[in-house]
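Asker: Before I ask anything, here is the structure I am working with.
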Amino acid sequence: MLLTHAHIDHSGLLPKLAKDGFSGPIYTTSASVDLCAIMLQDSGHIQESEVLQLNRRNRRRSREAVEPIYTADEARSIMPQFVAVPYGEWRETAGKLKFRFWDAGHLLGSASIEIEAKDADGPVRLLFSGDVGSRHKLFESNPEAPSGVDYLICETTYGDREREDYALKERRISLQKLVAQSNQSNGVLLIPSFAVERTQEVLTDLIALMDTGMLPRCPVIIDSPLASKATDTFKKHVGSMEHGADFLRALNAPNVRFTETAEQSKALDLLKGFHIVIAASGMCEAGRIRHRLKNWLWRPECTVLFVGFQAAGTLGRILQDGAEVVRIQGEEIRVGARIATLDAYSGHADASELDDWVMERGPIRKAIFLVHGEAGARSAMSNRLAKLLPVEIFTPRLDDAYELKGESARLLTSDIPARLQPQEIGHQDWHNDYQNFVLNLADRLKDAADRKSRAVILRRLERALEDETNQSEDWRP
């Protein structure tokens, strides 16, 4: 296994892979080994906690119990399989495949992976981009990678989006304005943030603004056990980081606090006066940010500031898209808070940065595969690159397999059905539709004139369900 970096959308199924029988080495950089040691265990812990709650509900509903994909112990048990490899050093796998890592500039320890394989016609060079960093990452250098490859496999997260070109000074000015607008008596600025690197970047910028007098000092609380552990890893590797001194200065600021226990986290609800809370998860799908949102989202003195990508169907994207009511931990919460976005912290290159990165890899002799992006992003990037490069461009679907032979690549046919169809990926699903229906039904019942009107609404719904059931039975063979 060759791993580009520690983010869970790349590393998160490694314990499952080992659980299913993989016992080989997992090659990655030293910093990625350290980050995976905490992130995979955290992932297993979250699964155990959520499955425990789900099974309690399932027992009450006479439904079967479910199991976590893996546990924290199972995540811990795979760590001896990790092998740390420095940037730029060629290694060879048992199958005589040569590879080396290049700094992708996306996350501490992130890498693009150059691979050299041999076939009957000689060596074949492939480059996997991993996630490519943007130009103005606080802690990372600009992305590096080789040129002159046969096949390029490239991410497209922001393949159809351009961000404002925020250098460090401009980004901090934008952050200063948003914090100043949020500063209300007994108010809060909630920042849902990825626990690893994004939290540390935002914290460093906030303290820099306070140190220079551009913002008044106020409590800044990091409400994430994973962020606390990740911060220790960043301190370990601070010598390899850009702006490492600023990061250490922020950690030692007198107004910065890290919550460790659940009791410390719950006590944040009692804080008086304006304060800032940075909490995971960044897309509001798990973690302590959901508790903070449940307590604050309905209040106009709260501002929620998104500083990272929000995937379709997540609570973060739903809030970003202007939802008036959401459900958190089974309760309806009406959105009274101000919702803001600062798209200056993304770890991903935007569309023009991706195009530039691809062009710098030239000549690309045989083909490009565009992956790791929503359909619109991959399509837009494919259309742009087709005008710039004289090679075939593929946008593979989940479970597609290609043979790399001759002058290009050939899609292999398979009798095994795909796990998911393309239209099912990266979109809201029936769970989102169901929650919207429940919220809309609650509004209709609340707005009904009297008890009789509410009864009419419920009878109509029951009739509609009966009609649907009867039609389904009529269609049975």
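Asker: What number in nm² do you get for region 71-182 if you take the convex hull of its Cα atoms and divide its surface by four?
Answerer: About 11.5 nm², averaged over all directions.
Asker: Please give the net charge around A351, taking every other residue with its beta carbon less than 11 angstrom from that of A351, where Lys and Arg add +1 and Asp and Glu add -1.
Answerer: -3
Asker: Can you tell me the FRET efficiency between A375 and D165 if r is taken as the Cβ-Cβ distance and R0 is 30 Å, rounded to the nearest 0.05? If you can, show how the numbers build up before the last one.
Answerer: Details: r = 26 Å, r/R0 = 0.87.
With a Förster radius of 30 Å, E is 0.70.
Asker: Then there's this: Summing +1 for each Lys or Arg and -1 for each Asp or Glu, what net charge is found among the other residues whose Cβ lies under 9 Å from the Cβ of V188?
Answerer: For residues surrounding V188, the net value is +1.
Asker: Return one whole number: the accessible area per residue of the chain in Å², for a 1.4 Å probe.
Answerer: 51 Å²
Asker: In nm, to one decimal, how far is the modelled label at V83 from the one at T469, with both set 7 Å along Cα→Cβ?
Answerer: A separation of 6.0 nm, rounded to one decimal place.
Asker: With charges only on Cβ, +1 for K and R and -1 for D and E, what is the dipole size of region 156-305 about its Cα centre, in debye, rounded to 20?
Answerer: 400 debye
Asker: Regarding region 216-334, what whole-number volume in Å³ per residue does the convex hull of its Cα atoms give? Please report the intermediate quantities before stating the final value.
Answerer: Working: hull volume 15.7 nm³, N = 119.
Value for region 216-334: 132 Å³ per residue.
Asker: How long is the gain from Q264 to L420 if the chain were fully straight, where each residue apart is worth 0.36 nm and the alpha carbon distance is subtracted?
Answerer: Net length gain for the segment: 52.0 nm.
Asker: Quick one: net charge around K405, please, counting Lys, Arg +1 and Asp, Glu -1 for every other residue with C-beta under 12 Å from its C-beta.
Answerer: Working: positive: K366, R410; negative: D119, D121, D150, E403, E407.
Surrounding charge for K405 is -3.
Asker: Another question, then. If the chain between R91 and K236 were fully stretched, how many nm would it gain, using 0.36 nm times the residue separation less the Cα-Cα distance?
Answerer: 49.7 nm is the gain from fully extending R91 to K236.
Asker: Per DSSP H run of n ≥ 4, the term is -39500 (n - 2.57); total these for the chain, divide by its residue number, and report the mean residue ellipticity at 222 nm rounded to 500 deg cm²/dmol.
Answerer: -11500 deg cm²/dmol
Asker: Heavy atoms only, probe 1.4 angstrom, no DNA, RNA or ligands counted: give me W357, W298, W430, W90 ranked by accessible area, highest first.
Answerer: My answer, sorted largest first, is W430, W298, W90, W357.
Asker: On to the next question. Would you please give the FRET efficiency between S228 and K272, computed as 1/(1 + (r/R0)^6) with r the Cβ-Cβ distance and R0 = 30 Å, to the nearest 0.05?
Answerer: In this case the efficiency is close to 0.80.
Asker: Right, here's the next one. Along the Cα-to-Cβ line of R365, 7 Å from the Cα, sits a label point; which residues in region 109-126 have backbone N less than 15 Å from it?
Answerer: Of the residues in region 109-126, 115-126 have backbone N under 15 Å from the label point off R365.
Asker: Just one of [x] 191; [y] 233; [z] 210 is volume of the Cα convex hull per residue in Å³ calculated from these coordinates, so which is it?
Answerer: For volume of the Cα convex hull per residue in Å³, the calculated option is [x].
Asker: Share of antiparallel DSSP beta bridges in the chain, in percent to the nearest 5?
Answerer: Antiparallel: roughly 40 percent of the beta bridges in the chain.
Asker: To the nearest 0.05, what FRET efficiency results for A120 and D343 with a Förster distance of 45 Å applied to their C-beta separation?
Answerer: E between A120 and D343, to the nearest 0.05, is 0.40.
Asker: Here's something else I'd like to know. Computing the accessible area with a 1.4 Å probe over protein heavy atoms, can you report the carbon and sulfur percentage for the chain? Please report the intermediate quantities before stating the final value.
Answerer: On the way: 12520 of 24430 Å².
Carbon plus sulfur share of accessible area: 51 percent.
Asker: Any chance you could run the full-extension gain for S30 through N58? It's 0.36 nm times the residue separation minus the Cα-Cα distance, nm to one decimal.
Answerer: That works out to 5.9 nm of additional length.
The values are calculated or read from the model by the stated rules, or taken from the named source; none is laboratory data. It should be emphasised that the depicted structure is a prediction, and the values quoted were computed from it without experimental measurement. Note: ideal-geometry Cβ built from the backbone for every residue, glycine included; neighbour counts use all protein chains shown. Surface accessibility is based on the protein's heavy atoms, side chains included, excluding ligands, DNA and RNA. Shrake-Rupley method; radii C 1.70, N 1.55, O 1.52, S 1.80 Å.
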